[in-house]
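Participant: First, the structure itself, so that you have it in front of you.
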Amino acid sequence: ITLTLKNRPSFDLRHSKKTDVDDFLRPEDGLFKPYSSGALSQISEAIAKAFVSESYATDTMELKRYVMLVSIFRVGIPAVTFATFASQVYPGISLWIAAWINDDAAFAVLSEDLSQYFQNILTTIGLMFTITVGYTYYFLYQQQEAIYLALFQEVAEAKSLLEQVSLVSEGRTDMYQNILECIDRYVKEDLTQFYIEPSILLSQRPIDDPLEEIMYLTSVGEPGIVYQTVRSLRQARAFRLGALQRKLPPIHFVLVWTLALIVLVVFPFLGAGSQVIGGNPILEVQSVYMSFIVFGICMVMGVLNELREPAGNGAYNVVSVLNIMVTGLIEELEGRIKGQFISNQQSPTIDGISAFGPSDDSVAVNYDAES
């Protein structure tokens, strides 16, 4: 294998240098990297940081509190802002519509709605909005669950691969270092990369795939025992990339917002008719209810926006959970590079006899007699 690798240019160009422990991820440095997607996210992050300690990136409890506060502010601030704005402008918009209509017969229809025209419009649009939002939430929640299941399976397979290659090649220094470097590249450049499109990660050439290099190092000719683990890890990786791939285009959420806007536009027309009966006081009462409706719609849409960003820094993100899962993997990887972890070198046991010897001398005598 060593002779073959010397004649492989692609391997020599990228892996000729000696592996440095400082190049590896360090859990104590904090793996959580906030992902801001706009001015609102930056404002929410700044406010949330005021309520948590500076070690939120390494403290699990503080990190959970931080991402929860970010989601609360990122969803709550627009909801409260738009609800307040709606309550203030609702009476004026209703009076402007009334001045624009300026017809007693039309006011009679709007105020009494004998034909139930506006009621039917509101029911139809409201039903369309409810169905679309419900199925969108269900789909995004199912995607979130699939991501978690795929991550747990992939991290478990990665740990199994690290243990297997350590048992197989720990005595071969150069080969062992090369394999550990491949695993490190896989963890840093693939497993923890949530900000790169999954289709781009999957489209890389096999020659650039660290898992392919591990198979090349351990399974040249006849596949070795590592082959099945790498195969299982690739399957788990495919499930993870498939779950992370964004399936709802941005136009889908534009459609949902359009339906919500149509639902809200109906109410000022009804207010223009009701002001004939109750005057401005009835519009003031309706403005309060209008603020409740706007607040609820903005909250629902805000939660949907949080669910569609699994790599974000909100309460629904999966990055913080992944950081906790890979901490042990990275610690063991760094320890093996330093030579702190040594595999068990004891011989295999037979007939249930421990490698440390039987605890009962009589059992040893009977075993020797049977042998």
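The values are calculated or read from the model by the stated rules, or taken from the named source; none is laboratory data. These numbers come from a predicted model, not from an experiment. Virtual Cβ from ideal backbone geometry, glycine too; neighbours counted across all protein chains shown. SASA here: full protein model, heavy atoms, side chains in, ligands and nucleic acids out. Shrake-Rupley method; radii C 1.70, N 1.55, O 1.52, S 1.80 Å.
Participant: What spacing in nm lies between the two simple spin-label points modelled at Gln88 and Asp174, each 7 Å away from Cα in the Cβ direction?
Facilitator: According to this spin-label approximation, the distance is 7.3 nm.
Participant: Still on this model: Probe radius 1.4 Å, ligands and nucleic acids left out: which of Tyr135, Tyr195, Tyr90 has the largest accessible area, and how do the rest follow?
Facilitator: Tyr135, Tyr195, Tyr90
Participant: Next up: How much of Lys247 can a 1.4 Å solvent probe reach, expressed as accessible area in Å² and rounded to 10?
Facilitator: About 100 Å², rounded to the nearest 10.
Participant: Now for a different question. Could you sort Met68, Met290 by their accessible area in this structure, using a 1.4 Å probe and putting the largest first?
Facilitator: Met68, Met290
Participant: Could you estimate the translational diffusion coefficient of segment 106-263 from the Stokes-Einstein equation, with Rh from the Kirkwood formula over C-alpha pairs, at 4 °C and 1.567 mPa s, in whole µm²/s?
Facilitator: 66 µm²/s
Participant: May I pose another question? From the phi angles alone, apply the Karplus equation (6.51, -1.76, 1.60; θ = phi - 60°) to segment 312-318 and give each ³J(HN,Hα) in whole Hz, x where the residue is Gly or Pro.
Facilitator: Result, rounded to whole Hz: x, 10, x, 5, 9, 6, 10.
Participant: Give the calculated FRET efficiency between Phe292 and Tyr117 to the nearest 0.05, with a Förster radius of 35 Å applied to their Cβ-Cβ distance.
Facilitator: Once the sixth-power term is evaluated, E becomes 0.90.
Participant: Which whole-Hz couplings ³J(HN,Hα) result when phi for each residue of segment 254-263 is put into the Karplus expression 6.51 cos²θ - 1.76 cosθ + 1.60, θ = phi - 60°, listed in order with x for Gly and Pro?
Facilitator: 5, 4, 5, 5, 5, 5, 5, 5, 5, 4
Participant: Can you pull the accessible area of Leu151 for me, 1.4 Å probe, Å² to the nearest 10?
Facilitator: 0 Å²
Participant: Set the Förster distance to 45 Å, then compute FRET efficiency between Ser232 and Ser53 from the Cβ-Cβ distance, nearest 0.05.
Facilitator: E(calc), rounded to 0.05, equals 0.70.
Participant: Continuing with the same structure: Using the Karplus curve 6.51 cos²θ - 1.76 cosθ + 1.60 with θ = phi - 60°, work out ³J(HN,Hα) for each residue of segment 62-75 in order, rounded to whole Hz, and write x for Gly and Pro.
Facilitator: These are the phi-based 3J(HN,Hα) values: 5, 5, 4, 5, 5, 5, 5, 5, 4, 5, 4, 6, 5, 8 Hz.
Participant: OK, next. Rounded if a/c is under 1.5, else prolate if a/b beats b/c, else oblate: with a ≥ b ≥ c from the C-alpha gyration tensor eigenvalues square-rooted, which is segment 75-152?
Facilitator: oblate
Participant: Solvent-accessible area of Phe139, probe 1.4 Å, all protein chains present, reported in Å² to the nearest ten, please.
Facilitator: Per-residue accessible area (Phe139): approximately 70 Å².
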